[in-house]
1. Would you be able to say whether some residue in the stretch A:322-332 is within 30 Å of residue B:90 (Cα to Cα), without any contact (Cβ under 8 Å) to a residue 60 or more places away in the chain and under 24 Å from the mean Cα position of the chain (by Cα)?
2. For the stretch B:179-216, give me the residue count where each residue is of a type outside the set (D, E, K, R), outside any loop (DSSP other than H, G, I, E, B) and over 26 Å from residue B:160 (Cβ atoms).
3. Working only within the stretch B:68-112, note down all residues that are under 12 Å from residue B:40 (Cα atoms), in contact with a Gly (Cβ under 9 Å, 6 or more places away or on another chain) and more than 8 Å from chain A (Cβ to nearest Cβ).
4. Contact list please: Cβ distance under 7 Å, first residue in the stretch A:1-22 and modelled with pLDDT of 85 or more, second residue among the small types (Gly, Ala, Ser), pairs at least six apart or on different chains.
5. Given the criterion modelled with pLDDT of 85 or more, under 22 Å from residue B:33 (Cβ atoms) and more than 13 Å from every other protein chain (Cβ to nearest Cβ), identify the matching residue among B:217, B:268, B:243.
6. Would you mind finding the one in B:38, B:86, B:22 that is more than 21 Å from residue B:231 (Cα to Cα), among the aromatic types (Phe, Trp, Tyr) and crowded, with 21+ Cβ neighbours inside 10 Å?
7. What tally of residues in the stretch A:262-306 results from selecting those that are more than 20 Å from residue A:27 (Cβ to Cβ) and either charged (D, E, K, R) or within 8 Å of another protein chain (Cβ to nearest Cβ) (or both)?
Amino acid sequence: MIGFDIVGFIISWLTLFGIYAILSLTLNMESGVSGVTNFGKVVFYGIGAYISATLTTYLILMLNGVDIVENPPYNINGVILLGELGSKNPVLNIGLFILSVFLSFIVAGFVGYLLSYPILRVGPEFVGFTLLSTGELLRIFLLHFEPVGASKGLMAIPNPLGWIPDSRVRETLYLIVILAFLALTYTVMKRLLNSPLGRTLKSVRDDETAALCMGKHVPKIKALVLFIGSGFTGVAGTLLSYYFTSVNPNMFVPSVTFNAWAMIILGGMGNLTGSLLGAALITLVDRLLTFITPLLGITVISPDYVRWIIIGLLIVVVLIVNPRGILPEKPIKTPALQQVEEELKK
Amino acid sequence: MIPGFTQTMVNFLQYIFFYTVFSLPLTLSYRTTKVINFVHANFITYGAYTAVFLHGVLGNSSIVIAAFLAFVIVGGMAVLDNLLVFTQLQKRGSSPAMVMISSMGLWIAYRYLLYVLTDIMHFYTSKNFVSYGRITYSDIPSISLAEFNLSQAFIASMVATILVVSSLYLILEKTRMGRAMRAISDNATLAEISGIPRNLVINLTWFLCGGITAVGGVLWTSFSGAITPEAGDSMILQVFTIGFIGGLASLLRTSIGAIIIAFMENIGIAFLNTYLGVPVSFRPFLTFIALLTTLILFPPLGAGGGLPYRFRKRGLSQ
């Protein structure tokens, strides 16, 4: 094992873990806790990534006085100019980063809110399929929409920390940014889950009719959950686009959604810590395979295919053998419940 | 009049045939087994690849043999899925959403398994199976109407559609098996009480549905210029939308849905392209609009366990 860069490996694993953990946490909130079978995670992820990519590349060129009609960021001149101008002004880079995080949260959340309208009145089967097909349509749209680079996508997106000369320091700092966002997402989701709203969500998942009869406005609640979940997914997309510094339509295939599903099913649906664990395990295997694949040389069967077969079978096997996952869902400890338990002990 | 009108009309008819063969089994399987089956996409692809491997590896050029083998293989695949996964989950009392998620897991596994198979076959024959050209079959007669030559795909799929529709009608209306299937789709518990062997009937339904879809896949090989392991996945939007138009319950309405979607995707987009300059590749958006319209205006009530919300001025909370 000559040249196995252990620090680089850990940094790249944690970065990927941070992004995917945001996906799996929000998916768990939507699907594991409130029963919206979201098969279209990739829609909001893609929207977030493309918004930040488009915004950053266009604005950097415009603010540096480049004529974007002649040198749009998706052609070769634009890419070269972006490479030259991209990391000159730290304030601009960080400002654009914050702006894109906000915008992608709002836009992805709003799209999620709108998409909740057609799917409110139908069961989980239809919800899942509608969102899944939305993802494919988004991809087809991006593949043919010239201003965002069509099938080539956008390249040379300036990283907000691109002005730091040393790449290891830059990667570590960006990792800290990602983990901070992950911590924020986890806190928000945890607070939501432990609030009265969280318990309403669980009641909607377990029995929609009963929740409706108890006077809960189920459509409004589902729309709200999709807004919050999709917003955070959009932020994850933003983080992804700055990490890879390029986006193209083929990054946003339904497989991304399935990856997140495998994580929450493995970790345990309805348990937020479980999603973190699932994300950590699956991204670790992912990264290990990426590091090992070149060592195997040319094989008849690509290890990538085997990986996907394993992910698919993992979902099926876990659902059959242990549907509650590694960390099963726990009842929420409310103050009232604790008081009752104490009274019972006496 | 739009340019290429005759060709558009022929394609319109052609797609009606394909969509009917693809989506009737989806509706039938959902209403009998209550499993929304994403593996349906794999049924199409595996049907097509049965024909491709028979042609590329064994040199078969008979569509009858290919269709028969595809029917048996994919039908068996569907029964295996049911026995190993869906029945196990339902026995454990999993919710329909969980069964759907498991079918999604199977979908991924099958899809990449096919890539592995194409890789292995490529290793042995060094032919490109990831994008396989149109197959010319030797046992389809060539017919020309007036000055117009009908393609092989058109003749084969027309015959197959007529066969599928009429045999489904005969099975469902005239045989004991069909009556049992209809009884189970109406009320499974009552059907079981009155002595219908439920598991047997459900397995037979899966066999039939998988088989018919696979025949559709074989027909696709005589039409499509490039058969890829994602052939079925790229059609899943249309097929499911057609199923939803039929409410996943009525076979007649599913057939009407096939005509509507085929119309929008061929004649509708041709009009939009000619008069408004909409690119032809945006064709799936029309289907998606049809899907949203179906869900908003005619929500398939009860079919997926949804609640009949109505948005009135006075909200539900009052």
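1. In the first step, residues of the stretch A:322-332 are kept if they are within 30 Å of residue B:90 (Cα to Cα); the result is A:322-332.
Restricting the remaining residues to those that are without any contact (Cβ under 8 Å) to a residue 60 or more places away in the chain gives A:322-324, A:330-331.
Right, trim to under 24 Å from the mean Cα position of the chain (by Cα) and you get A:323-324.
Within the stretch A:322-332, one or more residues are within 30 Å of residue B:90 (Cα to Cα), without any contact (Cβ under 8 Å) to a residue 60 or more places away in the chain and under 24 Å from the mean Cα position of the chain (by Cα).
2. At the first step, the residues of the stretch B:179-216 found to be of a type outside the set (D, E, K, R) are B:180-181, B:183-185, B:187-191, B:193-197, B:199-216.
Now restrict to residues that are outside any loop (DSSP other than H, G, I, E, B): B:180-181, B:183-185, B:188-191, B:193, B:199-216.
Okay, now just the ones that are also over 26 Å from residue B:160 (Cβ atoms), so B:183-184, B:188-191, B:193, B:199-200.
Result for the stretch B:179-216: 9.
3. B:74, B:75, B:77, B:78, B:81
4. Once the first residue is modelled with pLDDT of 85 or more and sits in the stretch A:1-22, its partners that are among the small types (Gly, Ala, Ser) give A:17/A:279; A:17/A:280; A:19/A:236; A:20/A:260; A:20/A:279; A:21/A:275; A:21/A:279; A:22/A:236.
5. On the way: B:268 fails: under 22 Å from residue B:33 (Cβ atoms); B:243 fails: more than 13 Å from every other protein chain (Cβ to nearest Cβ).
Result of the check over B:217, B:268, B:243: B:217.
6. B:86
7. Taking the stretch A:262-306 as the starting set, the residues that turn out to be more than 20 Å from residue A:27 (Cβ to Cβ) are A:287-306.
Keeping just the survivors that are either charged (D, E, K, R) or within 8 Å of another protein chain (Cβ to nearest Cβ) (or both) gives A:287, A:300-302, A:304-306.
Here the count works out to 7.
Conditions tested, residue by residue: (1) on the phi < 0 side of the Ramachandran plot; (2) assigned to a loop (DSSP other than H, G, I, E, B); (3) modelled with pLDDT of 90 or more.
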position: B:41; (1), (2), (3): yes, no, yes
position: B:46; (1), (2), (3): yes, no, yes
position: B:50; (1), (2), (3): yes, no, yes
position: B:79; (1), (2), (3): yes, no, yes
position: B:93; (1), (2), (3): no, yes, no
position: B:113; (1), (2), (3): yes, no, yes
position: B:123; (1), (2), (3): yes, no, no
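The values are calculated or read from the model by the stated rules, or taken from the named source; none is laboratory data. None of these values were measured; they are calculated from a predicted model. Cβ coordinates were reconstructed from backbone atoms using ideal geometry, including for glycine residues, and neighbour counts include every protein chain displayed.
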